[in-house]
Structure formats: structure tokens, C-alpha cells
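Worksheet for the structure shown next.
Read-outs throughout are calculated quantities, based only on the coordinates presented, and are distinct from any laboratory measurement. Computed from a prediction, not measured in an experiment: that's the story for all the values here. Cβ placement follows ideal geometry from the backbone for every residue including glycine, while neighbour counts extend to all protein chains displayed.
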């Protein structure tokens, strides 16, 4: 008599169904408990309102012909013609009075880009802080 044994095949696959079940149960638990957990409240320090109002920026106007005008909106608001040599000195004097004094450059549409960069370079060489460009919003 010959014994006939059934051959067993090796199983080389992992059954992932139990792992998926465990993962779904954990997901449901987290979804239920997450809204119940209240985040810690942070108490931020309070300060009073600033007593100093924001300072209106100095406006350097570059004309189509390359001329420069300086407008101090906090004073009279009138633009006065100024030379390139005087520009940095006038801005530095104003920033010495108020360290938060900003400077904006407003250029005519027809001004060459080189003129605007020259003005920015003059101000940068004199370590003038807070320089920006003024643009008109599209309507």
C-alpha cells in the first residue's frame, strides 16, 4: 500500500485583511475622538494702542524728463524739485527725525527703468532704509 500524501504548498503571501480591519477601526476611533479634544488656549500678552500714528511716506517722483521731486505728505504735501545730490541728504534728515520714515519712488510711465534704478541706487548707497515703489492699482 502506498500512502498518498497531499503535498502542502508553501504560502508566500501575506494576508493583509486583518491589518486593514485594525486600521479602519483605529481610523473610526480617531475620527470620533478628534472633535472632542479641545486645543489648549494660549493667552497672549496684551499691549496698549500705539501712541504714534503711522508716518506718511516720503515720495520721490521721477518725471518723464528724468527730473526728481520730493513730496513730504506728512508736512505740506507739496512736491519740490530736488537734485540727485540733495536727495539722499533730505531723506536721511527725515529718517533721523523718525526711524520709521518710509520712502516710495513714484515714476512716470514713460520713464526709463534705468532712471528708477539710479534713484534706488542713490538711496541704497546712503543706507536709506524702507524704500519701495509706488504703483497705481488697476481699475
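Computed values, structure above
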item: Neighbour-count order for 138, 69, 94, fewest beta carbons within 10 angstrom listed first; result: 138, 69, 94
item: Helix-only CD estimate at 222 nm, as mean residue ellipticity for the chain, using -39500 (n - 2.57) per DSSP H run (n ≥ 4); result: -10500 deg cm²/dmol
item: The chain: angle of helix 84-97 to the longest principal axis, Cα-based, in degrees nearest 10; result: 70 degrees
item: Crossing angle, helix 113-125 versus the chain [Cα axis fit, 0-90 degrees, rounded to tens]; result: 90 degrees
item: Alpha carbon convex hull of the chain, projected area averaged over orientations, nm²; result: 23.8 nm²
item: Fraction of antiparallel bridges per DSSP, the chain only, in percent to nearest 5; result: 55 percent
item: Helix 17-33 vs. the chain, principal-axis angle (Cα, 0 to 90°, nearest 10); result: 50 degrees
item: GNM flexibility winner over the chain from 103, 17, 111 (Cα, springs under 10 Å); result: 17
item: Most fluctuating residue given options 38, 76, 67, as computed from a GNM of the chain linking Cα atoms under 10 Å; result: 38
item: Rg/Rg_globular for region 58-133, with Rg_globular taken as 2.2 N^0.38 Å and Rg from C-alpha atoms; result: 1.00
